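Where a number appears in this text, it was derived from the coordinates with a stated rule and is not lab data. Source: prediction; values computed, not measured. No Cβ is skipped: glycine too gets one built from the backbone with ideal geometry, and neighbour counts run over all protein chains shown.
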Amino acid sequence: MIVILTGAVLIYSTLDMPDWGDPNSPASLHVSPRYIEKTIEETATPNAVTSVLADYRGYDTLGETTVIFTAAVVCILLLRRFEDDKTL
Amino acid sequence: MIRLYDDLIIQTVCRIMIPLIQLFAFYVIAHGHYSPGGGFQGGCILGASFILMVIAYDINWMKRRFSEKKNILLIALGVLIYALVGVLCILLGAEYLNYGILHKIIPTDSVKVRALGTLIIEIGVGITVMAVMVSIFLNLTTLGKHEKGEV
């Protein structure tokens, strides 16, 4: 009953969402036009995805790289075994 | 239970394909400014070529070419390249990771140097992703023992 009620509220709330790909939605009015219009003159990179990923949002990508780095470090710490390991 | 045996056809095809896969991976990293691609995607393809070596041959064959020590060093080196470019920008007097300031040490204008800074950090990301793919694959498939054996 609670699940159905929550689902109904969620579906009702999606009716107020902007249309898919609506150019006047708030998400496409704030910084997106600047990224699309100025990416070549500001970063000399024709691929806007690359310029947003690595230049405008470079700090975010540094975090993503650190996440991958941490995954590898934890994987080595948890799984790697050596022959002289006495704890096994 | 997966039995180990050497298959001539698979090994020959892999021997021909692995250099091409690695070349394509470098193309994906370097051409990320103009087409879909970049450090993450190219690093994954490069890591897949090393994983293919382990699958087609065995782990010792691959570790003779790409040892575990080098692998772990490369994991850290990629993140280090990325972070040091940011620190270099601070030292030259701009915000962290604001590559435009790098034109003080690289002789080109401040717009083109942003594309160059992007390329440097994409290379860093690619190195890390490649080494991480190989490291996680080896640790999971050999249960951390890093030796040839039946799973």
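Assorted remarks:
- Spatial separation of Cα centroids for the range B:33-76 and the range B:104-151, in angstrom: 9 Å
- Sum of -39500 (n - 2.57) over DSSP H runs of 4+, divided by residues of chain B (222 nm, nearest 500): -23500 deg cm²/dmol
- Length released on extending from B:Val87 to B:Asp109, taking residue separation times 0.36 nm less the Cα-Cα span: 5.9 nm
- FRET efficiency for the A:Leu29 to B:Leu23 pair, using the beta carbon distance and R₀ = 41 Å, is estimated at 0.45.
- Rg over Rh for the range A:30-80 works out to 1.26, using Cα positions for both radii and the Kirkwood form for Rh.
- Average projection area in nm² (convex hull over Cα atoms of the range B:8-141, one quarter of hull surface): 9.3 nm²
- Averaged over B:110-121, number of beta-carbon atoms from partner chains that fall within 10 Å: 5
- Here's the picture: charge each Lys and Arg Cβ at +1 and each Asp and Glu Cβ at -1 in the protein assembly as shown, and of A:Tyr59, B:Ile101, B:Leu20 the one pushed furthest to the positive end of that dipole is B:Leu20.
- Neighbour cut-off at most 16 other Cβ (10 Å), DSSP loop, chymotrypsin sites (Phe, Trp or Tyr not before Pro), chain A: A:Trp20, A:Phe82
- As a proxy for reagent exposure, B:Val113, A:Val49 were ordered by neighbouring Cβ count within 10 angstrom, fewest first; the result is A:Val49, B:Val113.
- Rounded to the nearest 10 degrees, the angle from helix A:2-14 to the longest Cα principal axis of chain A is 50 degrees.
- Candidate lysines for bridging to A:Lys38, where Cα separation is under 21 Å - those fewer than 8 sequence places away on the same chain excluded: B:Lys112
- Geometric extent, Cα atoms of the protein assembly as shown - Rg, Dmax (angstrom): 22.6, 67
- Proximal lysines relative to B:Lys145, as straight alpha-carbon distance under 27 Å, when same-chain residues fewer than 8 apart are discounted: A:Lys86, B:Lys63, B:Lys69, B:Lys70
- At R0 = 41 Å, FRET efficiency that the Cβ-Cβ distance of B:Asp6 and B:Tyr34 yields, to 0.05: 0.50
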